[in-house]
Amino acid sequence: MKKSILAAAILAAISAPAFANDSNWIFRGTVAHISPNDDSGTVLAPGDGVSVGSSTGIGLGFTYMMDKNWGVEVLLATPFTHDIEGTGDLAGLSIGETKHLPPTVSLTYSWGDTTTFHVGAGLNYTKFFQEDTSSALTSALGASSTSMKLDASTGLSVQFGFDTPINDDWNFTGGIYYKKIDTTADVDVYVDGALAATASVDVTIDPVVITLGVSTKF
């Protein structure tokens, strides 16, 4: 991954987070559901487009608390898989699928007593890989084969979350994130092994991510 992610953000409140021990590190392990608010440009002709399906995976968060309120969070995950479908004149046509990894670095502010809350903002880097086109798309284009490539994206991420005690060591945690993700998809069309055409479409994904799981200090 060639791009570096710099944390940046501003948000505020009052008081200090209450966890069972005084460690500076917080770990959160969650189930994360990604729900895109997607839109796209034209693929082949006016009236068509693409949409990106939702996906569920495992989220991993590590926060270093610089003091009782301020922290830096690194959010990681297992790869998410999204189906890509046609819209408009292409409605019902499977375009293909892609996997992505969305590491995010955020500055967070925490407050609360028994239950703690946190808000944050930062930068998200989304790397797409294993982009595959469908046989249905290849047939619809009258091609011998097709391929697809999605550009990486860097954008703003904002969040709100909470941690509430289960016992002395573990907490129930949840959060909601909004991420700016924009990419360009390039679809190459081959006829008899030769490149016959390339279609490019700008895709806005901008997902809401909901996480639920457990957290602890270490």
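Residue by residue through segment 66-111, note down the ones that are of a type in the set (S, T, N, Q) and in a strand (DSSP E or B).
As a first pass, look at segment 66-111 and keep what is of a type in the set (S, T, N, Q): 69, 78, 81, 87, 94, 98, 104, 106, 108, 110.
Within segment 66-111, Thr81, Thr87, Ser94, Thr98, Thr104, Ser106, Thr108, Ser110 meet the criteria.
So, in segment 121-165, exactly how many residues are of a type in the set (Gly, Ala, Ser) and farther than 24 Å from Ile210 by Cα?
We begin by selecting, within segment 121-165, every residue of a type in the set (Gly, Ala, Ser); these are 121-122, 134-136, 139-140, 142-145, 147, 152-153, 155, 157, 161.
Among the residues that remain, those that are also farther than 24 Å from Ile210 by Cα are: 134-136, 139-140, 142-145, 147.
Summing the residues that are of a type in the set (Gly, Ala, Ser) and farther than 24 Å from Ile210 by Cα in segment 121-165 gives 10.
In segment 115-156, what residues are in contact (Cβ under 8 Å) with a residue 12 or more places away in the chain and among the hydroxyl-bearing types (Ser, Thr, Tyr)?
In the first step, residues of segment 115-156 are kept if they are in contact (Cβ under 8 Å) with a residue 12 or more places away in the chain; the result is 115-134, 136-137, 140-156.
If the condition is that a residue be in contact (Cβ under 8 Å) with a residue 12 or more places away in the chain and among the hydroxyl-bearing types (Ser, Thr, Tyr), then Thr115, Thr116, Tyr125, Thr126, Thr133, Ser134, Ser144, Ser145, Thr146, Ser147, Ser153, Thr154 are the ones that fit.
If I filter segment 35-47 for residues that are modelled with pLDDT under 95, among the polar types (S, T, N, Q) and surrounded by 15 or more Cβ atoms within 10 Å (Cβ to Cβ), do I get at least one hit?
yes
Among what's in segment 91-147 and is charged (D, E, K, R) and surrounded by 17 or more Cβ atoms within 10 Å (Cβ to Cβ), pick the residue that is farthest from Gly57 (Cα to Cα).
Glu131
Across segment 154-180, what is the total count of residues that are hydrophobic (A, V, I, L, M, F, W, C) and over 16 Å from Leu76 (Cα atoms)? Spell out how you get there, then give the answer.
Applying the first criterion (hydrophobic (A, V, I, L, M, F, W, C)) to segment 154-180 yields 156, 158, 160, 162, 166, 170, 172, 176.
Then drop every residue that is not over 16 Å from Leu76 (Cα atoms), which leaves 160, 162, 166, 170, 172.
Qualifying residue count for the region: 5.
Looking at (1) assigned to a strand (DSSP E or B); (2) under 30 Å from Lys68 (Cα atoms), which is the only condition Thr114 fails?
That leaves (1) as the condition not met.
Which of the residues that make up segment 175-218 are outside any strand (DSSP E or B) and basic (Lys, Arg)?
First pass over segment 175-218, keeping only residues outside any strand (DSSP E or B): 180-181, 192-193, 205-207, 218.
Correct list: Lys180 only.
Out of all the residues in segment 33-65, which are in contact (Cβ under 8 Å) with a residue 12 or more places away in the chain, more than 30 Å from Thr216 (Cα to Cα) and either touching a Leu at 6+ places or on another chain (Cβ under 8 Å) or outside any strand (DSSP E or B) (or both)?
Applying the first criterion (in contact (Cβ under 8 Å) with a residue 12 or more places away in the chain) to segment 33-65 yields 33-45, 47-65.
With more than 30 Å from Thr216 (Cα to Cα) added as a condition, the list becomes 37-45, 47-53.
Selection gives Asn37, Asp38, Gly41, Thr42, Val43, Leu44, Ala45, Gly47, Asp48, Gly49, Val50, Gly53.
What do you reckon, is Thr183 within 25 Å of Val72 (Cβ to Cβ) and touching a residue at least 24 places away in the same chain (Cβ under 8 Å)? Walk me through it before giving the result.
Numbers: within 25 Å of Val72 (Cβ to Cβ): no; touching a residue at least 24 places away in the same chain (Cβ under 8 Å): yes.
The answer is no for Thr183.
Take segment 163-179 and flag every residue that is charged (D, E, K, R) and buried (at least 16 other Cβ atoms within 10 Å of the Cβ). Steps first, please.
Initial filter on segment 163-179 (charged (D, E, K, R)): 163, 168-169, 179.
Answer for segment 163-179, where residues must be charged (D, E, K, R) and buried (at least 16 other Cβ atoms within 10 Å of the Cβ): Asp163, Lys179.
What is the number of the single condition among (1) modelled with pLDDT under 95; (2) under 12 Å from the mean Cα position of the chain (by Cα) that Asp89 does not meet?
Failed condition: (2).
The values are calculated or read from the model by the stated rules, or taken from the named source; none is laboratory data. This structure is a prediction, so every number in the text was calculated from the model and none was measured. Cβ sites come from the backbone with ideal geometry, for glycine too, and all protein chains shown count toward neighbours.
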